[in-house]
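Coordinate-derived values only; no laboratory data. Since the model is a prediction, treat every value here as computed from it, not as a measurement. Glycine gets a Cβ as well: all are built from the backbone with ideal geometry, and neighbour counts include every protein chain shown.
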Amino acid sequence: MRLTVFGATGGIGGEIVRQGLASGHHVTAVVRDPARLAATGDRLDVVRADLTDAEELRGAVAGRDAVLSGLGARRRAVARAGVATRLTVPVLRAMEAEGTRRLLVVSAAPLAPVVEREPFADRVAPALVGRVFKAVYDDLRALEAELARSATDWTSVRPPRLLDTPLTGTYRTAVGRNPRGARRIGRADVAHAMLTLIDDAGTVKEGVGVAY
């Protein structure tokens, strides 16, 4: 497949690029600073772009089978709140202009609906985290609202606490909610899940919880 990756120098985005290339995909990495991109390969194209300019991004998404985005705050900090929506909306506009449909983005577990029959800890923990980092999660809610209004076939992948651990390929997913007991997952496995979900029609226009 021909894939475009935004946030390609981040923890999840970088893993999407690396794993995508290893799986035989042709990957276009859109970055602000090419020097920060670790991956190399014959099937890798690097596009330097201002991520706030939809017109500038059109060439990077045209004719692609899917667009995957790891854009967002690099850490849960109020100072970074708003970055996910601000940087992803131009991607949406560029995709709509080019007729590129499939989009997968990173969101967060606290945005999943609360399921009353879930264990108490599973219902309370995400709510508490969401309150502590309210500005960041408000940004992600705004992002998911933009996705819902868009013409794309989007999937919002919602991990809990992120770890810098090696790829395992062993994790759980749940469409429309969080997996039971969702507490943590490695960035490499989030990237793996996003690549795996590209062809999963059951996740189109859905939030998908992912966790160990």
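Relative contact order of region 2-211: 21 percent, from C-alpha pairs under 8 Å at least 6 residues apart in sequence.
Among ALA94, ALA182, ALA201, the largest mean-square fluctuation in a Gaussian network model of the chain, built with springs joining Cα atoms closer than 10 Å, belongs to ALA201. Test of understanding: ordering VAL190, VAL89 by Cβ neighbours within 10 Å, fewest first, what list do you get? Fewest-to-most Cβ neighbours within 10 Å comes out as VAL89, VAL190. Of the residues ASP33, ASP42, ASP50, which exhibits the maximal mean-square fluctuation in a Gaussian network model of the chain defined by a 10 Å Cα contact cut-off? Of ASP33, ASP42, ASP50, the Gaussian network model singles out ASP42 as fluctuating most. From the alpha carbon centroid of region 157-212 to that of region 1-80 is 19 Å. Length available on full extension from ARG141 to ALA38: 0.36 nm per residue minus the Cα-Cα distance, which gives 34.0 nm. I want to make sure I understand the PRE zone here: with the label point 7 angstrom from the Cα of ARG48 toward its beta carbon, which residues in region 16-35 have backbone N atoms less than 14 Å away? Counting only backbone N, you get 30-35.
Secondary structure note: in the chain, about 10% of the DSSP beta bridges are antiparallel.
Compare GLY70, GLY202, GLY11 in a GNM of the chain, Cα atoms joined below 10 Å, and give the one with the largest fluctuation. Per the Cα network of the chain with a 10 Å cutoff, GLY202 tops the list.
Spin-label model, ARG180 to ALA22: label points 7 Å out along the Cα-to-beta-carbon direction sit 3.1 nm apart. Among the trypsin sites (Lys or Arg not before Pro) within region 130-212, those in coil by DSSP and having at most 15 neighbouring Cβ atoms inside 10 Å are ARG180, ARG183, LYS205. In the chain, the calculated helix contribution to ellipticity at 222 nm averages -11500 deg cm²/dmol per residue, counting -39,500 (n - 2.57) for every DSSP H run with n ≥ 4.
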